[in-house]
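Participant: First the structure, which I've put down as structure tokens, then a few questions once you've had a look.
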Amino acid sequence: MYHYTAIQWIFFFYFYCFFGWCFESTYVSLKSRKLVNRGFCRGPFLPLYGSGAIMMLVVSMPFQDNLVLVYIAGCIGATVLEYVTGVTMEALFKVRYWDYSKNKFNFQGHICLGSSLAWGGLTILMTEFIHKPIEHLVLSIPDSILTPVTLVLTALIGADFALSFKAALDLRDVLE
């Protein structure tokens, strides 16, 4: 079972937001052969990755001793998160940030079976391999350092999110 303070959970969220931004921006940049800053926010973080990582940790907690159940929980949890995020962002901003319409067994283009199955595997990868060294690192940081760093990140990320949200609403108004 994971036993973290609220500050540690928040820091994990920010870490995985940054990790997700690095991963996706690198992948898309290499694929398009030019530098691409991926994501909703302006800064180097993708909240969907942070949310996904935290969700994977939370839904897998009761099943840590059973990889099959970790897999199933990851499939379901991530698919629900992806669907709700996709529908919400499209409703708010009138823009689709991803589209699975061309994939087999998709639902409204927001989710598809292939991705859902992959989320289960990624949940196992996350809980068994990725998170353990990150957990060790974060737990080794004294609270006297982790707390102020997390609070500063909260202010910076909150301001970036607010500005990005406003810009997305402005873009929506232009598109309408």
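The values are calculated or read from the model by the stated rules, or taken from the named source; none is laboratory data. Only a predicted model underlies this, so the values are computations on that prediction, with no experimental measurement involved. Here Cβ is always computed from backbone atoms with ideal geometry, including for glycine, and neighbour counts include all displayed protein chains.
Participant: Does at least one position in region 147-160 carry a residue that is touching a helix residue (DSSP H, G or I) at 6+ places or on another chain (Cβ under 8 Å) and over 15 Å from Phe15 (Cα atoms)?
Facilitator: no
Participant: Pairs please, first residue from region 155-176 and within 16 Å of Gly39 (Cβ to Cβ), second anywhere and of a type in the set (D, E, K, R) and at pLDDT 65 or above, Cβ atoms under 6 Å, 6+ apart in sequence or on different chains.
Facilitator: Note: pairs meeting the criteria are Asp160/Arg42; Ser164/Arg42.
Participant: Looking only at residues that are at pLDDT 95 or above and charged (D, E, K, R) in region 133-172, which one is nearest to the chain's Cα centre (by Cα)?
Facilitator: Step by step, filter region 133-172, then rank; the result is Glu135.
Participant: Go through (1) farther than 26 Å from Phe40 by Cα; (2) out of contact with any strand residue (DSSP E or B) (no Cβ under 8 Å at 6 or more places or on another chain); (3) exposed (fewer than 13 other Cβ atoms within 10 Å of the Cβ); (4) free of Cβ contacts under 8 Å to residues at least 60 places away in the same chain for Leu139 and report which single condition fails.
Facilitator: Result: Leu139 passes all but (4).
Participant: Checking Glu24 against (1) in a helix (DSSP H, G or I); (2) in contact with a strand residue (DSSP E or B) (Cβ under 9 Å, 6 or more places away or on another chain): exactly one of these is not met. Which one?
Facilitator: (2)
Participant: What is the number of the single condition among (1) over 26 Å from Ile10 (Cα atoms); (2) of a type outside the set (D, E, K, R); (3) assigned to a helix (DSSP H, G or I); (4) at pLDDT below 95 that Gly114 does not meet?
Facilitator: Here Gly114 clears every test but (4).
Per-residue answers, yes or no, for (1) surrounded by fewer than 18 Cβ atoms within 10 Å (Cβ to Cβ); (2) among the hydrophobic types (A, V, I, L, M, F, W, C); (3) free of Cβ contacts under 8 Å to residues at least 40 places away in the same chain:
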position	(1), (2), (3)
Gln64	yes, no, no
Glu82	no, no, yes
Met89	no, yes, no
Lys102	yes, no, yes
Gly109	yes, no, yes
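Participant: With respect to Phe40, is the statement that it is at pLDDT 90 or above, buried (at least 17 other Cβ atoms within 10 Å of the Cβ) and either within 17 Å of the chain's Cα centre (by Cα) or farther than 30 Å from Leu151 by Cα (or both) true?
Facilitator: Here the answer is no, as Phe40 does not meet what is asked.
Participant: Looking at Phe40, Phe23, can you tell me which residue is in contact with a helix residue (DSSP H, G or I) (Cβ under 8 Å, 6 or more places away or on another chain) and free of Cβ contacts under 8 Å to residues at least 60 places away in the same chain?
Facilitator: After ruling out the rest, the residue left standing is Phe23.
Participant: Restricting attention to region 78-124, which residues are basic (Lys, Arg) and either touching a Gly at 6+ places or on another chain (Cβ under 8 Å) or within 24 Å of Ser60 (Cβ to Cβ) (or both)?
Facilitator: Scanning region 78-124 gives Arg96, Lys104.
Participant: Next up: Which of the residues spanning region 66-80 are closer than 19 Å to Phe129 by Cβ and touching a residue at least 24 places away in the same chain (Cβ under 8 Å)?
Facilitator: Across region 66-80, the qualifying residues are Leu67, Val70, Tyr71, Ile72, Ala73, Gly74, Cys75, Gly77, Ala78.
Participant: Out of Cys41, Cys17, Cys22, which single residue is in contact with an Asp or Glu (Cβ under 9 Å, 6 or more places away or on another chain) and either aromatic (Phe, Trp, Tyr) or within 27 Å of Leu153 (Cα to Cα) (or both)?
Facilitator: Just one listed residue meets the conditions, Cys41.
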